[in-house]
Amino acid sequence: MTPTISPVLPELLDAVGETPIVRLRNLTLPGEAEVIIKLEGANPGGSLKDRPAAHIIRHAENSGALRPGGTIIESSSGNFGIALAMFGASRGYQVIAVVDPKLTTTNRALLEAFGAEIIVVDEQDDSGSYHKTRIALANQLHRQIPNSFRPDQCFNPLNSDAHSRTTAEELLSQAGPELTAIVCTVSTGGHLGGIARVIARRAPQVTVIGVDVDGSTVFGGRAHAYLTPGVGLSWTPVNLEDLSAVDEVYKVTDEDAYRACRTLTSAEGVLAGVSTGAALTVALATAMRGNARQRVALLASDRGERYLSTAFNDDWLHENGISTDRSISGLRTRAARLVPYSLRPDQECANYLPDLGEQLGSPSKTLVGEASA
Ligand SMILES: Cc1ncc(COP(=O)(O)O)c(C=O)c1O
């Protein structure tokens, strides 16, 4: 029998996507819905951010916005910066990552391994985070550095377009007709916005659920410090331009996210990051209320190795006041208590800042035109 294995791919960008999806075996009980998880850590850079990074780079090369020997400048302390640094190394671009003091030693090491230049911003913005100051500096550098390109993940609609074209289509074809709900965390809104758009058009019977973390104000509410990496922003991003395509929104605590991430690893063998824990708590709550003919999907947004010194380190958890309990019963109890933050997000909790992109000097206005062209 000839094995069905893919041939040699022309380059690293071609290795993005078509990630596997697996059923969780141990967290749900008979009679509840199945939980299925799409392993985005199988992308070459280890996260779902490889998808928008590859799409935006391809688009920029085709449009001439990114030329040979160019410099890619992005505000990212995490997976998007790592994805750009990886593709930059592969295709001969210098990458400058504008980060903040919360950059983990692991992410710094990954950015450096790919040869990226790191610039640390230490001025907090009016929301107490660094997003706006980082973006403003990245835009300023772009104006100053000749032959530079800004992927601009927070304001560039190609971010969610990447997920509409790939992640959403893959989910629909892999999950089959039993698919009842899709749970996505949110920061730039790239994957939630991109998936919600396709589901509204192609499978409106599927419930799309967004998950933010307590303290972040993607959907409004009170801002305060939080630990969960990868999730959160202080406004509703443009990549999530149609909140009516999102059916339910939850806010989970750091405790929920870290616990679920650890239980996923010890009870299911899936080593994923903390944002996956945030999504899992909500996916499990949804599955527990469902029935055996249903499927609830979530993404394992990145690989857990990035969190060995935090989420998987008991001393770090103690220092940060997070429980080390990894029991399935503990996770299920917390999931059972979850209540939606909103069932009408478009009317109840939009937190758009329509002028923000312009205020921060975002170059993405042209990209909006190009994306819809
Ligand atoms: C691990 C992880 N999970 C979730 C997200 C949120 O994804 P999005 O930016 O598509 O909203 C990110 C974004 O950086 C991430 O790195």
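The values are calculated or read from the model by the stated rules, or taken from the named source; none is laboratory data. Please read all numbers here as calculations on a predicted model, not as lab measurements. Note that we place each Cβ from the backbone using ideal geometry, even for glycine, and neighbour counts take in every protein chain shown.
Values for this structure:
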| quantity | calculated |
| --- | --- |
| Residue ID - farthest from the chain's Cα centre (by Cα), chosen from residues in segment 60-82 that are more than 16 Å from the ligand (Cβ to nearest atom) and of a type in the set (D, E, K, R) | ARG67 |
| Residue in segment 18-32 that is touching a residue at least 60 places away in the same chain (Cβ under 8 Å), within 14 Å of the ligand (Cβ to nearest atom) and at positive phi present | no |
| Residue match in segment 161-178 (condition: buried (at least 19 other Cβ atoms within 10 Å of the Cβ), farther than 19 Å from GLU18 by Cβ and either among the aliphatic types (A, V, I, L, M) or touching a residue at least 40 places away in the same chain (Cβ under 8 Å) (or both)) | no |
| Qualifying residue in segment 94-107 (condition: acidic (Asp, Glu), more than 15 Å from the ligand (Cβ to nearest atom) and free of Cβ contacts under 8 Å to residues at least 40 places away in the same chain) | no |
| Scan of segment 215-244 for residues that are in contact with a helix residue (DSSP H, G or I) (Cβ under 9 Å, 6 or more places away or on another chain), away from the ligand (no atom under 14 Å from the Cβ) and part of a loop (DSSP other than H, G, I, E, B), ordered by number | GLY215, GLY220, ASP242 |
| Qualifying positions in segment 288-327 - more than 23 Å from the chain's Cα centre (by Cα), under 17 Å from ILE182 (Cβ atoms) and of a type in the set (Gly, Ala, Ser) | GLY290 |
| Residue within segment 190-202 that is within 23 Å of PHE80 (Cβ to Cβ), touching a residue at least 60 places away in the same chain (Cβ under 8 Å) and crowded, with 20+ Cβ neighbours inside 10 Å present | yes |
| Residue list for segment 17-41, restricted to those being assigned to a helix (DSSP H, G or I) and either touching a Leu at 6+ places or on another chain (Cβ under 7 Å) or of a type in the set (Ser, Thr, Tyr) (or both) | GLU40 |
| Cross-chain or 6+ apart pairs with Cβ under 6 Å, segment 59-84 first and more than 10 Å from SER148 (Cα to Cα) and surrounded by 24 or more Cβ atoms within 10 Å (Cβ to Cβ), then of a type in the set (Ser, Thr, Tyr) and modelled with pLDDT of 95 or more | ASN79/SER47 |
| Any hit, segment 255-270, residues being outside any helix (DSSP H, G or I), within 15 Å of the ligand (Cβ to nearest atom) and surrounded by fewer than 21 Cβ atoms within 10 Å (Cβ to Cβ) | yes |
| In segment 182-214, residue nearest to the ligand (Cβ to nearest atom) [restricted to those that are assigned to a strand (DSSP E or B) and more than 17 Å from ARG344 (Cβ to Cβ)] | THR185 |
| ASP247 being modelled with pLDDT of 95 or more, within 15 Å of the ligand (Cβ to nearest atom) and of a type in the set (D, E, K, R) | no |
| Filter result for LEU299 (touching a His at 6+ places or on another chain (Cβ under 8 Å), at pLDDT 95 or above and at negative phi) | yes |
| Residue count for segment 226-279, restricted to those that are out of contact with any Ser or Thr (no Cβ under 6 Å at 6 or more places or on another chain) and within 24 Å of ALA200 (Cβ to Cβ) | 13 |
| Residue, farthest from LEU264 (Cα to Cα), within segment 329-344, restricted to residues that are surrounded by fewer than 16 Cβ atoms within 10 Å (Cβ to Cβ) and out of contact with any Asp or Glu (no Cβ under 6 Å at 6 or more places or on another chain) | ARG344 |
| Verdict on ARG334 being touching a residue at least 60 places away in the same chain (Cβ under 8 Å) and closer than 27 Å to GLU248 by Cα | yes |
| The one condition in (1) more than 16 Å from the ligand (Cβ to nearest atom); (2) assigned to a loop (DSSP other than H, G, I, E, B); (3) in the same structural domain as THR105 (by TED's automatic domain parsing) that PRO7 fails to fulfil | (3) |
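Let's see how each residue does on (1) outside the structural domain of PRO20 (by TED's automatic domain parsing); (2) out of contact with any helix residue (DSSP H, G or I) (no Cβ under 9 Å at 6 or more places or on another chain); (3) hydroxyl-bearing (Ser, Thr, Tyr):
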| residue | (1), (2), (3) |
| --- | --- |
| VAL246 | no, no, no |
| VAL249 | no, no, no |
| VAL252 | no, no, no |
| ALA257 | no, no, no |
| THR263 | no, no, yes |
| LEU280 | no, no, no |
| LEU284 | no, no, no |
| ASN291 | no, yes, no |
| ASP302 | no, no, no |
